[in-house]
Amino acid sequence: MKNQLIGFIFLVITTTACQKNLYDDTVANIPGTLAVNAAHPMKDSLTAIVNRHVAKGVPGIQVMVKSPAGWYVVNGGYARIEDKTPMQDNMVAWLYSLTKTYTAALTMKLKERRLVALDESITTYLPADITQNLLNSEKITVRMLLNHSSGFPNFTSLPEFQLRQFNNPFDQQPLLEQLKTAYHKKPRFEPGTDYLYSNTNYLLLQLIIEKLSGKSYGQFLKEEILQPLALTKTYFGLTNQQIRSLGFPNYYFERYNNGQLENITQWNNAIGKSIEGYGGIAANGTDAIQFLEALNAGKVVNQSSLNEMRTWIKGKESTVPDYGLGLEYFEYNKGVPTYGHEGDNIGATTQLIYVPASDTYLFISINAGRQIFGQYLFRTTDAKIDLCRFVSKLN
Amino acid sequence: MKHFLLFCFSIGLLSSLSAQNQTLVDVSAGVQAFHIPLKGFSYNNPQPVVMAGVHQSLNRRQTLGLTLRIGYARHKYQGDALTLQALFQYTPVVANHLELGIGIGGGYRCWFHPSRSLQWTGSEWKNGRAYKGVIQVPLQLSMGYRGISTHQGEFRPYIAYQLGAHFGYTPDLTPMPTSTFLVGVKYAPKQH
């Protein structure tokens with residue numbers, strides 16, 4: 001028996017010692033560089049900030065800036081650590097929740113066509129077999145979905161959703177199945193009385209958009225935003241083959257909160273494809289900036305809709321405004337408002353901001369995820385805050 | 001290391017107890033998934049698990065016992081795990097042969113990365129550690145049959161459900177829960 005036990009342990013150790021690379025993927029080489037202003041005034045500082053955070057262990061950072069002085073791009077670290085593939089100007093990356101700004105803009109376009117009224121109950125637009133499972137739905141308006149004041153819990157933060165992720169990383173559920181995780185869950189507050197960021201809201205908005213437009217989200221996005229703005233490097237509904245050919249970076253996850261990263265690219269991409277209207281758009285950073293620029297210029301929605309999108313609400317515990325309609329409010333330097341959106345997934349974090357005072361846009365893509373209290377929460381968040389603080393600093 | 005020493009100490013303790021009460025070899029196999037047995041949590045994509053150890057009864061009626069086990073849980077996607085576990089069990093017998101059991105214990109689990117891990121040294125990326133050790137608190141419910149005796153010894157087949165709470169896996173999900181269903185047998189060779 002003793003010999004059998006020793007043999008069993010030996011077998012276990014030898015099998016586990018052979019580690020494989022389960023989720024990683026290749027990074028396509030996308031040649032070419034973007035036309036930038038080589039003498040951009042932010043060049044040296046942005047490069048120094050990126051290098052400082054890469055030196056602290058952030059795997060890869062891409063930063064794009066557009067200001068009155070023109071474009072500038074800084075790529076730091078690696079798109080794929082294992083073979084030291086650098087980040088590339090022309091790569092495409094998942095935008096994650098930056099997608100919510102596109103979804104809000106599509107909703108505003110429906111409002112402009114009088115197909116949806118923002119202050120109407122969502123029960124007017126969604127089928128009863130959905131709304132009867134969502135508590136308070138009769139009191140919740142489309143606007144409350146848009147500005148996260150519905151009180152619906154964020155289903156992607158619920159343990160039942162997250163445990164399913166661990167059990168089935170490659171078997172992502174379709175939207176309606178995902179939504180069932182939110183069914184019959186107690187609202188976090190009375191509708192319209194507070195602020196809680198919740199993916200449930202934007203999943204429901206996608207369903208409303210599809211019902212009222214009579215088109216799939218991807219088709220409506222293409223017809224209403226991507227084609228009119230000629231955003232040729234923005235994608236939705238990608239296949240695995242497309243993902244491999246577009247130069248996506250690999251993505252990294254700090255599984256054990258010990259400062260060690262695991263390459264979870266294919267898991268991350270599987271999620272990216274499944275989160276659709278609440279996080280599933282992928283783009284090159286230039287396209288993301290051009291979209292926000294067009295939105296600000298009134299080329300996506302009209303001025304009245306834009307004003308509504310920039311009408312901020314503030315949660316009970318917030319000291320500054322939180323959210324408009326599909327736009328997050330930030331104040332990295334006191335008294336200097338900025339807005340845009342952040343995005344997160346297990347293997348990455350992104351951000352897009354606009355600084356009205358200096359007419360400057362900033363796009364950040366980092367290929368390591370932020371886990372709660374994990375070391376990489378701080379490493380990646382610090383990098384984003386430093387970049388946003390610098391870009392929104394007024395001289 | 002201290003957990004290993006504790007395990008060895010426990011084995012020694014069992015040896016001294018076995019002089020007074022029955023010691024059984026305990027082997028089991030089953031499936032495990034990340035799961036909590038609550039409404040809304042689905043048990044999906046279970047992965048294989050095997051366990052082996054010894055069960056030492058602590059009283060003459062054999063209703064109290066301590067099980068020490070080593071287990072190996074395979075997980076294709078989230079990393080395999082090697083577990084050392086001590087489980088105190090109350091196992092009353094009803095209807096002559098039906099052994100019911102409830103147990104709670106503690107353990108240590110080496111949870112391996114499913115893929116190579118990478119660590120920034122301050123100047124370059126190096127391979128990281130292959131695993132992380134986490135503390136496990138298992139709670140087990142079981143039902144078995146006590147009364148199969150052959151010329152080789154006594155066999156006690158059982159089925160068990162074990163809820164494992166793992167502390168230190170990830171702060172996003174603490175404790176990380178697992179549900180394990182086991183089919184096993186406890187065996188005591190006949191004393192000649």
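Values in this text are rule-based calculations from the coordinates and carry no lab data. Just so it is clear, the model here is predicted, and its values are computed rather than measured. Positions of Cβ are backbone-derived with ideal geometry, glycine not excepted, and every protein chain shown enters the neighbour counts.
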| field | Highest-fluctuation residue, B:163, B:84, B:98 considered, GNM on chain B with Cα pairs under 10 Å | value | B:98
| task | Any chance you could list P(r) for segment B:2-189, counting all Cα-Cα pairs in 10 angstrom bins from zero, rounded to whole %? | result | 9, 34, 32, 17, 6, 2, 0
| task | Find how much the distance from residue B:100 to residue B:139 grows on full extension, using 0.36 nm per residue of separation minus their present alpha carbon separation; answer in nm with one decimal. | result | 12.6 nm
| said: Using C-alpha positions alone, give me the convex hull volume of segment A:117-214 per residue in cubic angstrom. | reply: 93
| query | trypsin sites (Lys or Arg not before Pro), restricted to segment B:56-149: which are DSSP loop and have at most 11 other Cβ atoms within 10 Å? | reply | B:60, B:61
| note | Dividing the helical contributions, -39500 (n - 2.57) per DSSP H run of n ≥ 4, by the residues of chain A yields a 222 nm value, nearest 500 deg cm²/dmol, of -10000 deg cm²/dmol
| query | Among A:126, B:150, B:136, whose Cα lies farthest out toward the positive end of the dipole of the protein assembly as shown, if unit charges sit on the beta carbon of Lys, Arg (+1) and Asp, Glu (-1)? | reply | B:150
| said: Under 11 Å from a point placed 7 Å out from the Cα of residue B:93 along the Cα-to-Cβ direction: which residues of segment B:51-87 have their backbone N that close? | reply: B:61-63
| Based on the Cβ-Cβ distance from residue A:319 to residue A:157, what FRET efficiency comes out when R0 is 25 Å, to the nearest 0.05? | 0.65
| task | Based solely on C-alpha atoms, express the radius of gyration and the Dmax of chain A in angstrom. | result | 21.6, 79
| task | Would you kindly derive the ³J(HN,Hα) couplings of segment A:212-222 from the backbone phi angles with the Karplus curve 6.51 cos²θ - 1.76 cosθ + 1.60 (θ = phi - 60°), listing them in order in whole Hz, with x for Gly and Pro? | result | 6, 8, x, 10, 5, 4, x, 5, 5, 4, 4
| task | Find how much the distance from residue A:45 to residue A:359 grows on full extension, using 0.36 nm per residue of separation minus their present alpha carbon separation; answer in nm with one decimal. | result | 111.2 nm
| field | Of B:78, B:119, B:32, the one that fluctuates the most in a GNM where chain B has Cα springs shorter than 10 Å | value | B:119
| In degrees from 0 to 90, rounded to the nearest 10, what is the angle of the helix B:2-18 Cα long axis to the longest principal axis of chain B? | 0
| message | Quick one: 3J(HN,Hα) in Hz for segment A:345-359, Karplus 6.51/-1.76/1.60 with θ = phi - 60°, rounded, Gly and Pro as x. | response | 9, 4, x, 6, 9, 9, 7, 9, 10, 10, 10, x, 4, 10, 6
| query | Given q = 0.11, 0.21, 0.25 Å⁻¹, what are the Debye log10 I(q)/I(0) values for segment B:96-192, with equal point scatterers placed on the Cα positions and solvent ignored? | reply | -0.54, -1.04, -1.20
